[in-house]
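The block underneath contains the structure these notes are about, expressed in structure tokens.
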Amino acid sequence: MGTTNTDGLVNSDRRLLEIIAALQELDGAGVTEISEYTGMNTSTVHKHLKTLHHEQFVQKHETEYHLGLKFLDLGRYLQDKTELIAVAEDHLRDLADRVDELVSLSVKEYDYGVYLRSCNDKYDIQAATDRKIGQSRFDLHTSSAGKSILAELDDEQVESIVAEHGLEAQTETTITDPETLFAELETIRNKGFALNRGERIEGVWAIGSGFYSPLGDRYAAISITCPKHRLTTDEIREEYAEELLSTINEIELKLQFHDRN
């Protein structure tokens, strides 16, 4: 794994953010539990939590702290300010109606994928794939959307991501070997779409395709996710790939005109 240069960073800010992340990971916790989880001393944790509570960013229930709804305001603000969602949303809904499956829009932020918008989760797949409560980030090598985004990058960029974060397994079918990953990325570039064969959660398959959005200089992808049996035949895969690529072409065309305005 690589290391990140921390020169010039404010350590107290980093500790505060680490405590916020711990509250999400632990789904709420007391001072001692957060101290043990983060390795900080209890007095430091308590001071940060007291500040967050005073500013109404966390709620306190007896001795446990939980993230407050003020964070929801920040999330909604970001969604409303993300132009790519506004451009793509109608097309996502149309695609979801046509295939009658879960359709998601994802983007690359730093070295991770982030789900921006999803439509038609009739199987409640999102509840199964969100391994941590409320977390929308995912490792790029574990999903069709993520692999599609990686295929949009050059090999040097992909090598840097792998060197920094590795290829952690989520299931038995997750790609954990760099050589296998690069071979699959080449296949994705040739076909125009990627498959997720239960690589993030067993029994859940997906097909995705990537594109570049000039709005915010983002690499993005759209995916169709469903139970395994819905994607095991060539006929269905070809049908979904055609629908997927058609939708992306429509979005890319709209992005071109939006960018000119």
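The values are calculated or read from the model by the stated rules, or taken from the named source; none is laboratory data. Bear in mind that the values here come from a model prediction, so they are computed numbers and not experimental data. No Cβ is skipped: glycine too gets one built from the backbone with ideal geometry, and neighbour counts run over all protein chains shown. The accessibility values were calculated without ligands, DNA or RNA, using every heavy atom of the protein model including side chains. Shrake-Rupley method; radii C 1.70, N 1.55, O 1.52, S 1.80 Å.
Taking the charge dipole of the stretch 36-151 about its Cα centre, with +1 at Lys and Arg Cβ atoms and -1 at Asp and Glu Cβ atoms, the residue from 71, 46, 95 reaching farthest to the positive side is 46. Charge dipole (Cα centre; +1 on Lys/Arg Cβ, -1 on Asp/Glu Cβ; no other charges) of the stretch 37-133 amounts to roughly 520 debye. What the Cβ-Cβ distance of residue 212 and residue 242 gives, at R0 = 30 Å and to the nearest 0.05, is a FRET efficiency of 0.90. Quick one: with all protein chains in place, what share of the accessible area of the chain is carbon or sulfur, to the nearest percent (1.4 Å probe)? C and S fraction of accessible area: 46 percent. Projecting label points 7 angstrom from Cα along Cα→Cβ for residue 189 and residue 250 puts them 3.0 nm apart.
Here each label is just a point 7 Å from Cα along the line to Cβ, and for residue 98 and residue 156 those points are 3.8 nm apart. The Cβ shell under 12 Å around residue 19 holds other residues with a net charge of 0, Lys and Arg each +1, Asp and Glu each -1.
Excluding residue 111 itself, what net charge comes from residues whose Cβ is under 13 Å from its Cβ, given Lys and Arg +1 and Asp and Glu -1?
Net local charge, residue 111 excluded: -3.
Spatially close Lys pairs in the chain, defined by Cα atoms under 22 Å apart and a spacing of eight or more places or different chains, total 20. Would you mind checking the tilt of helix 155-165 against the longest principal axis of the Cα atoms of the chain, expressed as 0 to 90 degrees and rounded to 10? Here the helix axis deviates by roughly 30 degrees.
Put simply, the amide H of residue 58, placed in the peptide plane, has neighbours under 5 Å in 53, 68, leaving out anything fewer than 5 places away on its chain. Taking each residue as 0.36 nm, the span from residue 7 to residue 33 lengthens on full extension beyond its C-alpha to C-alpha distance by 6.5 nm.
Once the chain from residue 83 to residue 202 is taken as fully extended at 0.36 nm per residue, the excess over their C-alpha distance is 39.5 nm.
A 1.4 Å probe run over the protein chains yields, for the chain, 56 Å² of accessible area per residue, whole-number rounding.
For residue 176, project a label point 7 Å along Cα to C-beta. Then give me every residue of the stretch 182-201 with its amide nitrogen under 14 Å of that point. What the label zone holds, given the 14 Å backbone N cut-off, is 199-200. How high is the FRET efficiency between residue 55 and residue 76 when r is their beta carbon distance and R₀ equals 25 Å, given to the nearest 0.05? Once the sixth-power term is evaluated, E becomes 0.85. Top mean-square fluctuation among 101, 33, 243, Gaussian network model of the chain, C-alpha springs under 10 Å? Looking only at 101, 33, 243, the biggest GNM fluctuation is shown by 33. Computed about its Cα centre, the charge dipole of the chain is approximately 860 debye, with only Lys, Arg, Asp and Glu carrying charge at their Cβ.
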